[in-house]
1. Since Pro32 meets every condition but one in (1) in contact with a strand residue (DSSP E or B) (Cβ under 8 Å, 6 or more places away or on another chain); (2) modelled with pLDDT under 95; (3) surrounded by fewer than 18 Cβ atoms within 10 Å (Cβ to Cβ); (4) part of a loop (DSSP other than H, G, I, E, B), which condition does it not meet?
2. Taking only pairs six or more apart or across chains, which ones have beta-carbon atoms under 9 Å, a first residue in segment 34-51 that is in contact (Cβ under 8 Å) with a residue 24 or more places away in the chain, and a second residue that is open to solvent by 90 Å² or more (accessible area, probe 1.4 Å) and among the basic types (Lys, Arg)?
3. Could you identify the single residue in Val58, Val131, Val82, Val87 that is touching a Ser or Thr at 6+ places or on another chain (Cβ under 6 Å) and within 22 Å of Trp165 (Cβ to Cβ)?
4. When segment 79-92 is examined, which residues are found to be open to solvent by less than 20 Å² (accessible area, probe 1.4 Å) and of a type in the set (A, V, I, L, M, F, W, C)?
5. Answer yes or no as to whether Ala77 is among the small types (Gly, Ala, Ser), in contact with a strand residue (DSSP E or B) (Cβ under 8 Å, 6 or more places away or on another chain), over 22 Å from Pro33 (Cα atoms) and at pLDDT below 95.
6. Pick out the one residue from Leu69, Leu76 that is touching an Asp or Glu at 6+ places or on another chain (Cβ under 9 Å) and surrounded by fewer than 17 Cβ atoms within 10 Å (Cβ to Cβ).
7. Could you check Asp100 against (1) part of a loop (DSSP other than H, G, I, E, B); (2) under 27 Å from Gly126 (Cβ atoms); (3) at pLDDT 90 or above; (4) open to solvent by 70 Å² or more (accessible area, probe 1.4 Å) and say which number it fails?
8. For segment 112-148: of the residues being modelled with pLDDT of 95 or more and in contact with a helix residue (DSSP H, G or I) (Cβ under 7 Å, 6 or more places away or on another chain), which is surrounded by the fewest Cβ atoms within 10 Å (Cβ to Cβ)?
Amino acid sequence: MISVRGALLGLGLTVAIGVVGGCDAAAPIATPPVVPGSSDAPREVNLITKDYSYLPDVLDLVPGETVLLHVVNGGLATHEAVIGDIVTQEAWAAAEAGTDAAPPGPTPVVSVPPETAGLRVVVTSGERVDVLWTVPLEAEADGPWFVACHIPGHLERGMQIPVRWAPAP
């Protein structure tokens, strides 16, 4: 079984190599400059879950901005988007590990301590969940951040993408 840290750090290394390689087809596509959202005018961000991937393949965020995150499940299975650093990802992986033998259907209710919670959005097949969220100002200093699905077996199938920190103008 793959470890959360190993899977996510492997992803980070792959992205770093792609960026250094420049023309590598696996590198995330550059996006236009990000205009950070505010509490008065949040930036709308779409994140689509599929069986077993996310679109886009990298999530651009600005520390301190407010976003209206639209998480859409375009797949057949229930998925989640956990956004946070490696400590957050490991906390959710540990919390959800005990649900491995749960019957098919809704994700069992699990939680982690608030200081490691990050942001977690669960979406069922065909559902869209909208969340107004202010990205923590110190987020970039916490090290790499990721979006991952910790429903048992999903991370192991590659359901993870990196967060790319966009500079504030």
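1. For Pro32, the failing item is (1).
2. Hits for this filter: Asp51/Arg157.
3. Val87
4. Matches in segment 79-92: Ala81, Val82, Ile83, Trp92.
5. For Ala77, the condition - among the small types (Gly, Ala, Ser), in contact with a strand residue (DSSP E or B) (Cβ under 8 Å, 6 or more places away or on another chain), over 22 Å from Pro33 (Cα atoms) and at pLDDT below 95 - is not met.
6. Going through Leu69, Leu76 in turn, just one is touching an Asp or Glu at 6+ places or on another chain (Cβ under 9 Å) and surrounded by fewer than 17 Cβ atoms within 10 Å (Cβ to Cβ): Leu76.
7. Every listed condition holds for Asp100 apart from (3).
8. Per the criteria, the residue is Pro144.
The values are calculated or read from the model by the stated rules, or taken from the named source; none is laboratory data. Everything numeric here is computed off the predicted structure, so don't read it as measured data. So basically every Cβ, Gly included, is an ideal-geometry build from the backbone, and we count neighbours across all protein chains shown. Each accessible area value is taken on the protein alone, full model and side chains, heavy atoms only, with ligands, DNA and RNA left out. Shrake-Rupley method; radii C 1.70, N 1.55, O 1.52, S 1.80 Å.
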